[in-house]
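Some notes on the structure that comes next.
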Amino acid sequence: MTLEAAVAAVLFLGVVLYAVLGGADFGSGFWDLTAGDASRGARIRTLVDHSIGPVWEANHVWLIYVLVFLWTGFPGPFAAIMTTLFVPLAVAALGIVLRGSGFAFRKFAATLDEARLYGVLFATSSVITPFFLGAVAGAVASGRVPVEGYGDAWRSWTGPTSIVGGVLAVLSCAFLAGSFLTAEAERGGDLELAERLRSRTLVAGFVTGAVALAAVVVLRADAETLAEGLQGRGAAFVAGSAVAGITALWLLWIRRFGWARAAAVVAVAAIVVGWGVGQYPWILVEEVEIAEGAGARATLQALLWVFGAAALTVVPALGYMFWLTQQEEWAAEPGPVRTR
């Protein structure tokens, strides 16, 4: 493996981790949005607060990681992406800010109306943000980002691949979060809530699978290079994602919620990896290959050293935090949270 490919691989590792961990957080907002009115949706919203409260901000470390590695390791493609796709990226950034504000402030709202307002900000931003991030991915994958940058500010991210990418991002986050929340409800002893979430997550999973199948037709017509890569180098990962997704649905059906959560993680991670492998060796499809867009050799070597240092410091800390949230003390039934 070349130095440039190694840096691209560790960069894309951050994309996969953000898709899984950040995706589960964003998807929780989808279930918050669709939970119902104040009385019917209170238990789901309380579960959402309890489940993602310790981790929702920490998971953004992977987004920062991706941006820093892309900016430093591949400065030319980074500039092209930022100057072409500034509209969806700005909306996604605004969504992240509003989502965090709404999530934090609704717990301390003075009135029910204020809590509803902050809840709406949190929930809608949790849907908007992954859609626009998926649209950005679709723009890159369909070759709509020119190497010189400053591509069309609107048509670059409104093509068929971007729209499908955005919809799939929202649905995948919802399915992933539904699997997580169902397992958490069961672990906390709320079996009735687990059943409600189970049925809704099954629907989300089937819809996600249907849209993914339809996306094959879209990619063949609008992103031929990626489609060929997914049928070739990335085929094993696509197949693995399909098998894991079906397995997750089956495990939800037979009420093995903990295993269903693991299978959903594999399904999402595998399809994201398949995208990266299928797009290789392009960093900007049909415009710039990884080797051509990479920065100075000394910079790339330094990035790998930084990656090693981060793996030794950040990963154990995050792992310990996730471990704490899986302890029985944390699984105890939370108190009610006043939301919409």
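Things worth noting here:
- Test set (1) modelled with pLDDT of 95 or more; (2) buried (at least 24 other Cβ atoms within 10 Å of the Cβ); (3) closer than 28 Å to R255 by Cα; (4) not small (G, A, S) - E184 fails condition number: (1)
- Of all residues in region 187-209 being of a type in the set (A, V, I, L, M) and surrounded by 18 or more Cβ atoms within 10 Å (Cβ to Cβ), the one that is nearest to G138 (Cα to Cα): A204
- Reported count of residues in region 10-51, each being under 18 Å from the mean Cα position of the chain (by Cα) and touching a residue at least 60 places away in the same chain (Cβ under 8 Å), is 20.
- Those residues of region 124-160 which are closer than 24 Å to W62 by Cα, in a helix (DSSP H, G or I) and more than 16 Å from the chain's Cα centre (by Cα), in sequence order: A139, V140, A141
- Residue in region 84-100 that is in contact (Cβ under 8 Å) with a residue 60 or more places away in the chain and over 28 Å from E292 (Cβ atoms) present: yes
- Hits in region 219-265 - residues which are under 16 Å from A141 (Cα atoms) and not aliphatic (A, V, I, L, M): R220, D222, E224, T225, E228, G229, Q231, G232, R233, G234
- Pairing residues of region 156-185 that are within 17 Å of G245 (Cβ to Cβ) with residues that are among the charged types (D, E, K, R), at Cβ distances under 6 Å and at least 6 apart in sequence or on separate chains, gives S179/R261; F180/R261; T182/R198; A183/R261.
- Selected residue (only one of A212, A244, A239 is loosely packed, with under 14 Cβ neighbours inside 10 Å and among the aliphatic types (A, V, I, L, M)): A239
- From the options R106, R43, residue that is among the basic types (K, R), surrounded by fewer than 23 Cβ atoms within 10 Å (Cβ to Cβ) and modelled with pLDDT under 95: R43
- Any hit, region 261-273, residues being surrounded by 21 or more Cβ atoms within 10 Å (Cβ to Cβ) and basic (K, R): yes
- Of the listed requirements (1) among the β-branched types (V, I, T); (2) over 16 Å from the mean Cα position of the chain (by Cα); (3) closer than 15 Å to W31 by Cβ, V170 misses just one: (2).
- Yes/no for L117 being in contact (Cβ under 8 Å) with a residue 24 or more places away in the chain and under 26 Å from G41 (Cβ atoms): no
- The lone criterion from (1) in contact (Cβ under 8 Å) with a residue 12 or more places away in the chain; (2) more than 25 Å from the chain's Cα centre (by Cα) left unmet by W305 is number (1).
The values are calculated or read from the model by the stated rules, or taken from the named source; none is laboratory data. It should be emphasised that the depicted structure is a prediction, and the values quoted were computed from it without experimental measurement. Every residue, glycine as well, gets a Cβ built from its backbone with ideal geometry; the counts of neighbours run over all protein chains shown.
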